[in-house]
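A short write-up of the structure that comes next.
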Amino acid sequence: FWVEIWDTIGPQIAQVMAGGEATWHEDQHLPIWRNGRMEDVWWTYSYSGVPDDDGGVGGCLVTCQETTARVRAEAALRESEARFRALFEQSPLSMVLHDLEGHPTEANAAFERLWGVSRDAVPPGYSVFADPQLAAAGVLAHFK
């Protein structure tokens, strides 16, 4: 039974069975053999002792939930955010990001270069989307 992860879970179960404290493991990476191959799988699980009639530990209660889909989705989101950040910073277009209420949150390096204004000095409600050619012609678009 799950020979491939026994080196990890065996000692945890043994600790509980010996009367030790319950364990809790969140988003633990434990690859298992499934669907004819080793699969990267993440689990949130706990082991706790079940008392016997004499007050000792008569068994181990296992509570387990596979969290692979969420862990992968969060990793994909972090990767997507990192790609966006890189594109935002490297863009030759002057850009200002806003929160959902329309307040500017940050500007990219092109904003500083094109307008000679510090990224930290972007006024509330101000947005600039212009390429270098438009900036050279003095065109500045405001969106509120």
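The values are calculated or read from the model by the stated rules, or taken from the named source; none is laboratory data. Only a predicted model underlies this, so the values are computations on that prediction, with no experimental measurement involved. Note: ideal-geometry Cβ built from the backbone for every residue, glycine included; neighbour counts use all protein chains shown. Please note that ligands, DNA and RNA were not included when accessible areas were found on the heavy atoms of the full protein model with its side chains. Shrake-Rupley method; radii C 1.70, N 1.55, O 1.52, S 1.80 Å.
Determine which member of the set Phe111, Phe129 is buried (at least 16 other Cβ atoms within 10 Å of the Cβ) and modelled with pLDDT under 90.
After applying the criteria, what remains is Phe111.
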Q: Can you confirm whether the stretch 33-54 contains a residue that is modelled with pLDDT of 95 or more, of a type in the set (Ser, Thr, Tyr) and in a helix (DSSP H, G or I)?
A: no
Q) Would a scan of the stretch 12-31 turn up a residue that is in a strand (DSSP E or B), under 23 Å from Val71 (Cβ atoms) and aliphatic (A, V, I, L, M)? A) no
Q: Please indicate, with yes or no, whether at least one residue in the stretch 64-71 is modelled with pLDDT of 95 or more, out of contact with any strand residue (DSSP E or B) (no Cβ under 7 Å at 6 or more places or on another chain) and part of a helix (DSSP H, G or I).
A: yes
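Of these, Thr63, Thr68, which one is open to solvent by 50 Å² or more (accessible area, probe 1.4 Å), out of contact with any Gly (no Cβ under 8 Å at 6 or more places or on another chain) and among the hydroxyl-bearing types (Ser, Thr, Tyr)? Show your work before the answer.
Values: Thr68 fails: open to solvent by 50 Å² or more (accessible area, probe 1.4 Å).
Of Thr63, Thr68, the one residue that is open to solvent by 50 Å² or more (accessible area, probe 1.4 Å), out of contact with any Gly (no Cβ under 8 Å at 6 or more places or on another chain) and among the hydroxyl-bearing types (Ser, Thr, Tyr) is Thr63.
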(Q) Name the residue that is modelled with the highest pLDDT, counting only residues in the stretch 97-108 that are within 15 Å of Arg85 (Cβ to Cβ) and open to solvent by less than 70 Å² (accessible area, probe 1.4 Å). (A) Asn108
Q: Output the qualifying pairs, or none if there are none: Cβ atoms under 8 angstrom, residues six or more apart or on different chains, first residue in the stretch 54-83 and of a type in the set (Ser, Thr, Tyr), second residue assigned to a helix (DSSP H, G or I).
A: none
